[in-house]
1. Over all directions, the average projected area of the alpha-carbon convex hull for the chain comes to how many nm²?
2. Where in the stretch 7-29 is the amide nitrogen less than 15 Å from a point lying 7 Å along the Cα-to-Cβ axis of H108?
3. Relative to the Cα centre, what is the charge dipole magnitude of the chain, using +1 at the beta carbon of each Lys and Arg, -1 at the beta carbon of each Asp and Glu, and rounding to the nearest 20 debye?
4. Among D83, D77, D33, rank each residue by its count of other Cβ atoms within 10 Å, from fewest to most, as a rough exposure measure.
5. Kindly provide the helix-only [θ] at 222 nm of the chain, computed as the sum of -39,500 (n - 2.57) over DSSP H runs of four or more divided by all residues, to the nearest 500 deg cm²/dmol?
6. How would you rank L59, L159, going from fewest to most other Cβ atoms within 10 Å of each one's own Cβ?
7. Neighbouring Cβ atoms within 10 Å as the yardstick, rank S78, S39, S152 fewest first.
8. Can you work out ³J(HN,Hα) from phi for every residue in the stretch 34-50, in order, using Karplus 6.51 cos²θ - 1.76 cosθ + 1.60 and θ = phi - 60°, giving whole Hz and x for Gly and Pro?
Amino acid sequence: MTSLNNYNVLFLCTGNSARSIIAESILNRLGADRFTAYSAGSRPSGQIHPLTADLLAGLNYNIEGARSKSWDEFAADSAPQMDLIFTVCDNAANEVCPIWPGHPATAHWPFPDPAAFEGPETEHRVLFANVYEMIERQIETFIKLPIDSMDSPTLLKRLNEI
């Protein structure tokens, strides 16, 4: 791990426009004293979904530097070393992930893709809010884990049970 009580966490999704951006934002807010969160995509869309931006801005998140980016940025030698990697969509869990330096712990937390929804904008916004709440609950549970005192097998088991 990076250092005691300070962990780098990467949230991966296919497009890096909604779920992974939301997870990064939530963990950086709720777990700022122990975690630094990042997000990326296997096939980044190149932009944050407008409803992701609206939702996070409406919840007073600073999204000024947020962007859709490739996971290749985090596989580079100059990238921060990741301690934990979470896939947050079904597509990313079935894709071949790059080999990460330091062999970080990985887990899959599947969430519905609000960016893929087609329908009325009001329903779309409700779906984004619902997915935000699901991710927030998951992260609230995650940050309560006594990670510092867990061995790797126990940590992996607990991360996948959340």
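Derivation of every value follows stated rules applied to the coordinates shown; laboratory data play no part. Only a predicted model underlies this, so the values are computations on that prediction, with no experimental measurement involved. Cβ: placed from backbone, ideal geometry, glycine included. Neighbour counts: every protein chain shown.
1. The number I arrive at for the chain is 9.0 nm².
2. 12-14
3. I would put it at about 180 debye.
4. D77, D33, D83
5. Mean residue ellipticity at 222 nm (helix-derived): -11500 deg cm²/dmol.
6. If I rank by nearby Cβ atoms, fewest first, I get L59, L159.
7. Neighbour counts put them in this order, fewest first: S78, S152, S39.
8. Along the stretch 34-50, the couplings run 10, 9, 10, 9, 9, 9, 7, x, 6, 9, x, 6, x, 8, 6, 4, x Hz.
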